[in-house]
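As structure tokens, the structure follows; a few thoughts come after it.
Every number in this text was worked out from the coordinates using simple rules, so none of it is lab data. All values derive from a computational prediction rather than experimental measurement. So basically every Cβ, Gly included, is an ideal-geometry build from the backbone, and we count neighbours across all protein chains shown.
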């Protein structure tokens, strides 16, 4: 019996030593982990900066002003063309100023486009307004017809989402002979970081004509 008690005491002593050693090793490893600097090549959380436009609300007044500027821009491109000026640069400046191709996707379905109906790039939009791009052979240059006046007549403007406004209605283009063409439109607008109202959707079509 005495021998058995001695053996049990020895076993308990060994177990205690093992447990103490494990606890010490774990404590040392934890201290080491806390003191070690984080590796410089550790993954960095990605920041979503794809949205480059502002969350600021757009008023009806701002939409109407943007429409006025759009019409004046079309007339200006035609005027520069008629005076043998650099109308392509004028058109490029107009698109850069009025449309949001540098902000996000732009949904542009112009009036006189049948083969390539949708103009989702800056170059495609430029071709529509001034022509001269073999990739869009149907384009004759809408803005170099030219026109002397553009008048907007909104059927309505909504900005329920605050940061995007949508306008729908008819606009009227007056050519150099005094003729007027009625065209239907839908525009969607956002603001860029500088507070400038920019177009991110533009659908335009001639009114239905029964055969």
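General observations
- Descending by average beta-carbon neighbour count within 10 Å, the peptides 67-73, 83-89 line up as 67-73, 83-89, the highest first.
- Note on segment 128-148 and segment 63-121: Cα centroid distance 11 Å, given to the nearest whole angstrom.
- Taking N as its residue count, the alpha carbon Rg of segment 167-211 over 2.2 N^0.38 Å: 1.53
- Each peptide in 127-133, 161-167 receives the mean, over its residues, of other Cβ atoms within 10 Å, and ordering these scores from highest gives 127-133, 161-167.
- Computed label-point distance, nm, for sites residue 155 and residue 180 using a 7 Å Cα→Cβ extension: 1.8
- Extension gain (nm, one decimal) between residue 114 and residue 168, 0.36 nm per residue minus Cα-Cα: 17.3 nm
- Stokes-Einstein diffusion of segment 91-211 at 10 °C, 1.306 mPa s viscosity, Kirkwood radius from Cα pairs, rounded to a whole number: 104 µm²/s.
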